[in-house]
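Notes to accompany the following structure.
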Amino acid sequence: MEEGNEMSQEYEIPEGLHYTKEHEWAKSLEDDTVLVGVTDYAQKQLHEIVYVELPEIGREVKSSDSIGAVESVKAVSDIFSPVAGTVIEVNETLIDSPELINEDPYKRGWIVRIKPKDLKADLAKLLDPEAYRRHLVEQSH
Amino acid sequence: MGLKRSHLYEYHKEHGKIVEFAGFEMPVWFEGIIPEHNAVRNSVGLFDVSHMGRTIAEGKDVEKYVNYIITNDVSALEPMSGLYTVMCNSKGGIVDDLTLYKLDNERVLIVYNASNREKDFNWFKNLLEGFDISISDVSDDIAMIAIQGPKAEKTLQEIATANLKDLPRFKIAESKILGYDSLIARTGYTGEDGFEVFILDTPLKNPIKAIEVWNMLLDVGAEYGIKACGLGARDSLRLEAGLSLYGNDIDEEINPFEAKLRWVVKLKKASNFVGKDALLKISFEGVKKTRVGITLEERGIPRHGYEIWDQGKIGVITSGGYSPTLDRGIALGYVPLEYDKIGTPVKIKIRDKFVKGKICKSHPFYDESEYGWKREMK
């Protein structure tokens, strides 16, 4: 358990974001849209991200739908949407600079912006920072 | 059953990201796959390959025995020379691919894949009958380190007594390294010039010689920017060089003709060998599918198991990934013979999308005037 706690300290888990067990984060913005990316833990596990597959703008997604993929040299990881809604913007700088996800997973490494359908209900299902930290600890056992 | 560890595990645990590979705890990277990969293509990198299998066959029938189990021919091989080969089952399927070295007229060192250590040794054992030889598995008694890249010779020469400049490819020499009895072969699995070093009499339980040599090579290579490399870079380097990986690109369901390994099958050698009848028949009848290289023309990364399409599915990717040297997705896979022509367009099914690619030169994928052991040293 101690080792696990130590482990979860290695990863940045900012306050104010909502997390999935599959290591996506969601940030609710003032204009009622939601920014989505993958967590510090996810980018560290993948290491050296070399390709990001982005969804088409306008796509309707349900929560937990695969909306793309992040690929490192060694592995592929699906991106699951934390919320239901419509994809209204994708981070096109990731096409040429996928390493932004490694460098800055919570800011410049954002992946999609979604106009949510039922934000309240979806956010209620997500983990707060403390619950996500516990999830990382449990997962390491 | 617990995972095995190599002679250099303590180093890996401290400096690397450990993963399970072929029953071993091995480093997938130290700093990262891309910087390690580039160090080998441009300068020099160091690999622990002590997890591989090593067997010494010894006795007066050793040449006859080895020629019976492999498809290539050792009879013309001079002492202290090596060759690459496969061994096949009675159906012509590939049991493993091997590098072997004739140390003298009565001793051969066989090096094989970590994933096949038990299978191969049993295979060797089951074919002993009628030959006056003995075999011993020395994998845990000899440490093995690969040093690869255009600066490998300069780095290794700093601590090795053998004259490496005069050691041609696929030759092996006795040497002292830091005073320890060793063998140095000019071979590797990266496409680059380089060496595979066998540090003799180094038991797994007391690996101090291996650790000293490893650390000293990192020290003397520092001026060239040497990097310790993990299995990730080993895989991306061999893929760019177009070298097959057993278990991915070749296995017992694939024969050497399909795998474009006809050059290691000597159907005309004097001795009989396991799989000869089947291989003669396959050679006469021809094959239906063959191994090709594919480069992607669009963004995307092809991976093991993805489908290759034309109008419909025509084959499967057996190895694929991102090529740091070419900065694009590359792959090996099997397709019907009619597609085996450089430039032929194909599509790779990546998740639910089709990504355009084409059949390309794949042995190696890179330009040999720029990269690999054949380039002129600048």
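We did not get these values from a lab; they are worked out from the coordinates using the rules stated. All figures in this text were calculated on a predicted structure; none of them were measured in a lab. Neighbour counts run over all protein chains shown; Cβ positions are idealised from the backbone, glycine included.
Computed about its Cα centre, the charge dipole of the protein assembly as shown is approximately 1780 debye, with only Lys, Arg, Asp and Glu carrying charge at their Cβ. Contact order for region B:69-189, expressed relative to its length and based on alpha carbon pairs under 8 Å spaced 6+ residues apart, stands at 17 percent.
Placing unit charges on the Cβ atoms of the charged side chains and taking the dipole of the protein assembly as shown about its Cα centre, the candidate lying farthest along the positive direction among A:Gly16, B:Ala162, B:Tyr306 is B:Tyr306. Rounded to the nearest 20, the size of the Cβ-charge dipole of region A:2-139 about its Cα centre is 440 debye, with Lys and Arg at +1 and Asp and Glu at -1. I'd like the antiparallel share, as a percent to the nearest 5, of DSSP beta bridges with both residues in the protein assembly as shown. In the protein assembly as shown, approximately 95 percent of DSSP beta bridges are antiparallel ones.
The alpha carbon gyration tensor of region B:47-148 gives principal lengths a ≥ b ≥ c with a/c below 1.5, which makes the shape rounded. In chain B, the calculated helix contribution to ellipticity at 222 nm averages -5500 deg cm²/dmol per residue, counting -39,500 (n - 2.57) for every DSSP H run with n ≥ 4. What shape does region B:141-181 have by the C-alpha gyration tensor, where a ≥ b ≥ c are the square roots of the eigenvalues, rounded means a/c under 1.5, and otherwise prolate means a/b greater than b/c and oblate the rest? The shape class here is rounded. Can you give the relative contact order of region A:2-139 as a percent, counting alpha carbon pairs under 8 Å and 6+ residues apart? In percent, rounded to a whole number, it is 30. Sorting B:Ser75, B:Ser115, B:Ser369 from the fewest to the most surrounding beta carbons within 10 angstrom yields B:Ser369, B:Ser75, B:Ser115. Is chain A rounded, prolate or oblate when judged by the Cα gyration tensor, a ≥ b ≥ c being the square roots of its eigenvalues, rounded requiring a/c under 1.5 and prolate requiring a/b larger than b/c? Oblate is the answer for chain A, as a/c is 1.5 or above yet b/c matches or exceeds a/b.
Here the dipole of chain B is about 1200 debye; that uses its Cα centre as origin and unit charges on the Cβ of Lys and Arg (positive) and Asp and Glu (negative).
Dividing the mean sequence gap of close Cα pairs (under 8 Å, 6+ apart) by how many residues chain B holds gives a relative contact order of 18 percent. When the alpha carbon gyration tensor of the protein assembly as shown is reduced to an equivalent ellipsoid, its three semi-axes come out at 45, 28, 20 angstrom, largest first.
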